[in-house]
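Trainee: Submitted below is the structure of interest, expressed as structure tokens.
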Amino acid sequence: MTMTWRPAVWADAEEGLSIQPKNWGDALVGFEAALEAWRSIVASPFFASAVLERRAAHKAAELIGFGAAIFITSAFAEAEIGNPSPDVNSRAVAAIAARQPLLATYQEVAQANAGAGVDVLVLCGNWRDENLNSDERQMLHTLFASSFAEWVAGYRIRRILYETTDAPAEEFVRASVVYQAIAAFPELGRATFVMSRESVKAIPASIGNMIFSYTEPVLGLRDSDQQLLRAAVRGATDAELASEMGVTAAAVKARWRSIFARVDHVMPNLVIDDREDNYRGTQKRHRVLAYVRLHPEELSPYD
């Protein structure tokens with residue numbers, strides 16, 4: 001039996017949210033409007049997701065957990081922290097359904113990375129608790145935390161808000177220690193928590209410290225260069241890069257040359273090796289891709 005995680009697609013969201021219907025956030029706008037709001041959420045470039053699957057020998061993967069979070073505006077975060085009330089998902093979904101500013105824009109994230117940091121709202125962390133033994137439950141908790149840390153790597157995180165909607169989720173969050181409770185609504189089975197840079201300092205070796213660690217980028221790559229490198233890191237070929245970005249193969253090669261020139265200007269030793277007379281483009285690519293994998297901040301917006 002193995003347990004793994006992967007990013008979610010829309011079908012995963014529908015199945016994952018059905019595990020805990022309270023997380024749909026449909027109380028204010030109704031289910032159909034909430035459904036459309038969730039489609040907008042899943043389509044956002046700043047939607048963090050994880051599908052946790054369990055695989056047994058010779059059997060199809062079984063979805064046992066689903067987590068989702070979004071980057072939100074600082075104004076929404078300030079309002080929720082300053083005056084917490086139950087069912088934050090419904091207020092978030094209603095704002096998105098009404099096309100109000102809630103989801104952080106590209107420019108807002110770029111400014112946050114260069115400033116105080118971006119705020120995050122955890123929309124759900126659902127799992128089929130009745131189907132898990134104690135070891136699997138512990139593994140699931142670890143995968144939730146590590147997958148989230150991997151997704152936000154490269155972003156300057158300021159605060160993470162999370163409202164639990166059932167006893168297992170609240171137990172999980174309270175056990176993490178680095179989340180601080182700011183409100184409890186026992187009659188509704190809900191509680192609101194916040195994680196911040198200050199709260200994670202209590203446990204230096206925690207995943208929380210990984211989430212809030214941040215190094216400013218040094219390459220200063222253009223948006224188009226970041227787009228190409230993000231796809232290349234996923235393993236895309238030049239033909240796939242051209243198709244994904246809607247440009248010609250010649251334009252992709254030109255963009256690679258632009259990236260090499262920028263890297264050579266800022267970090268010349270990264271792409272040029274004086275010991276080799278014939279240092280090829282593929283070798284340069286390997287070095288650049290290896291570097292940005294270790295420095296994801298180079299691929300996130302920065303103003």
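Trainee: When you go through VAL152, VAL200 one by one, which is the residue that is on the phi < 0 side of the Ramachandran plot, touching a residue at least 24 places away in the same chain (Cβ under 8 Å) and within 22 Å of the chain's Cα centre (by Cα)?
Mentor: On the way: VAL200 fails: touching a residue at least 24 places away in the same chain (Cβ under 8 Å).
Going through VAL152, VAL200 in turn, just one is on the phi < 0 side of the Ramachandran plot, touching a residue at least 24 places away in the same chain (Cβ under 8 Å) and within 22 Å of the chain's Cα centre (by Cα): VAL152.
Residue-wise test of (1) touching an Asp or Glu at 6+ places or on another chain (Cβ under 8 Å); (2) of a type outside the set (S, T, N, Q); (3) closer than 16 Å to VAL122 by Cα; (4) surrounded by fewer than 22 Cβ atoms within 10 Å (Cβ to Cβ).
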position	(1), (2), (3), (4)
GLY16	no, yes, yes, no
ASN23	no, no, yes, no
GLU36	no, yes, no, yes
PHE47	no, yes, yes, yes
ALA50	no, yes, yes, no
ALA68	no, yes, yes, no
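Trainee: Select, from ASP238, ASP277, the only residue that is at pLDDT below 90, open to solvent by 60 Å² or more (accessible area, probe 1.4 Å) and either more than 21 Å from GLY154 (Cβ to Cβ) or not hydroxyl-bearing (Ser, Thr, Tyr) (or both). Break it down into steps so the answer makes sense when it comes.
Mentor: Numbers: ASP238 fails: open to solvent by 60 Å² or more (accessible area, probe 1.4 Å).
Answer to the check: ASP277.
Trainee: On to the next question. Can you say whether ARG293 is at pLDDT 85 or above, among the charged types (D, E, K, R) and buried (at least 16 other Cβ atoms within 10 Å of the Cβ), as far as the supplied structure shows?
Mentor: no
Trainee: Answer yes or no: is there a residue in segment 129-149 that is open to solvent by less than 40 Å² (accessible area, probe 1.4 Å), over 20 Å from ALA202 (Cβ atoms), hydroxyl-bearing (Ser, Thr, Tyr) and out of contact with any Asp or Glu (no Cβ under 8 Å at 6 or more places or on another chain).
Mentor: Yes: one or more hits.
Trainee: Scan segment 214-231 and tell me whether some residue there is in contact with a Gly (Cβ under 7 Å, 6 or more places away or on another chain) and hydrophobic (A, V, I, L, M, F, W, C).
Mentor: no
Trainee: Considering every residue within segment 224-232, establish whether at least one is acidic (Asp, Glu) and modelled with pLDDT of 85 or more.
Mentor: To start, the set of residues in segment 224-232 that are acidic (Asp, Glu) comprises 225.
Imposing the further condition that a residue be modelled with pLDDT of 85 or more reduces the set to 225.
Yes, segment 224-232 contains at least one residue that is acidic (Asp, Glu) and modelled with pLDDT of 85 or more.
Trainee: Is at least one residue of segment 67-90 of a type in the set (Ser, Thr, Tyr), more than 30 Å from PRO217 (Cβ to Cβ) and at pLDDT 90 or above?
Mentor: Checking segment 67-90: at least one residue is of a type in the set (Ser, Thr, Tyr), more than 30 Å from PRO217 (Cβ to Cβ) and at pLDDT 90 or above.
Trainee: Look at segment 165-181 and say how many of its residues are within 15 Å of GLY65 (Cβ to Cβ) and open to solvent by less than 40 Å² (accessible area, probe 1.4 Å).
Mentor: 3
The values are calculated or read from the model by the stated rules, or taken from the named source; none is laboratory data. Keep in mind that this is a model prediction, so the values were computed, not measured. Glycine also receives a Cβ, built like all others from the backbone with ideal geometry; neighbour counts cover every protein chain displayed. To get the accessible areas, we keep the full protein, side chains included, count just its heavy atoms, and leave off ligands, DNA and RNA. Shrake-Rupley method; radii C 1.70, N 1.55, O 1.52, S 1.80 Å.
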